[in-house]
Amino acid sequence: MARTQAADYDQRREAILDQAAALFARRGFLGSSVADLAAACATSKSLIYHYYASKEEILFAVMSSHIDQLEADVAEALAAGGGAAAQLSGLVHRFMAHYAGAADRQKVLLNELDNLPPANRDRIVAQQRGIIGAVTRLLAAITPAEQDDPVRARARAMLLFGMINWTHTWYDPAGPLKPGDIADMALALVFGPACQSFPDRAVC
């Protein structure tokens, strides 16, 4: 008889991912074992394997859950309308709001890509490229001089990501600055005086 799935199956899988993200962020994927993860979850290795077939599958689940959320942020920001400036502002604010609550997953996404099996790595890379492409197109739309200069537009996009992607290394969500404050600062640094085109952002 097939084993019945527990009513809280999805919650238990997510709890494992939370512990795995913290463990991989602290020790690295190669420096962590399934036994370490089981200990962090106060459970057994066999129960971990009931929910995930391998450590590599857990790593992919940590990464994909995070980048899927970032893709959703892009879709929501674009669907909100209001023009490219408003969409980019909304997007950067959504990113920072999620980065602040998912520092471990962000660190794993940035540092452990090479430890994924090739097919899973290719999927994550494709998602990353899609997100970068969306931001690049918004930046080009905001800055007309760059609409015919995709290299410069992409460079500006990578500079923006360079600022916000690594906030997990220093930003304290419990400190006086909120994620929205950091988003405003990043936008202002990227655009300088041109940041006046961003609506309802006093920092600009």
Through the Karplus equation 6.51 cos²θ - 1.76 cosθ + 1.60, θ set to phi - 60°, convert the phi angles of region 171-178 into ³J(HN,Hα) values in whole Hz; use x for Gly and Pro. 7, 10, x, 8, x, x, 8, 8
Using packing as a proxy for protection, rank 145-153, 10-18, 179-187 so that the peptide with the highest average count of other Cβ atoms within 10 Å comes first. 179-187, 10-18, 145-153
Helix 55-79 against the longest principal axis of the chain: what's the angle in degrees, Cα atoms only, rounded to the nearest 10? 30
Longest principal axis of the chain (C-alpha) makes with the long axis of helix 9-27 (C-alpha) an angle, in degrees to the nearest 10, of 70
20 Å cut-off, amide nitrogen to a point 7 angstrom out along MET185 Cα→Cβ, residues in region 89-106: 89-104, 106
Could you tell me how many cubic angstrom of Cα convex hull volume the chain has per residue? 149
Here FRET efficiency (C-beta to C-beta, SER54 to LEU177, R₀ 35 Å, nearest 0.05) is 0.35
At R0 = 22 Å the Cβ-Cβ FRET efficiency linking SER46 and ARG26, nearest 0.05, sits at 0.35
Taking only DSSP H segments of four or more residues, each worth -39500 (n - 2.57), what value at 222 nm results for the chain once the sum is divided by all its residues, to the nearest 500 deg cm²/dmol? -22000 deg cm²/dmol
Roughly what angle does helix 118-142 make with the longest principal axis of the chain, taking Cα atoms, 0 to 90 degrees, to the nearest 10? 20
With the convex hull built on the alpha-carbon atoms of region 1-101, volume per residue in Å³ sits at 125
Cβ crowding within 10 Å averaged over residues, with 98-106, 72-80 ranked highest first: 98-106, 72-80
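Bear in mind that the values in this text are calculations on the coordinates, not laboratory data. As the structure is a computational prediction, the values presented were derived from the model and not from experiment. Because the Cβ atoms are built from the backbone with ideal geometry, glycine has one as well, and the counts that use them run over all protein chains shown.
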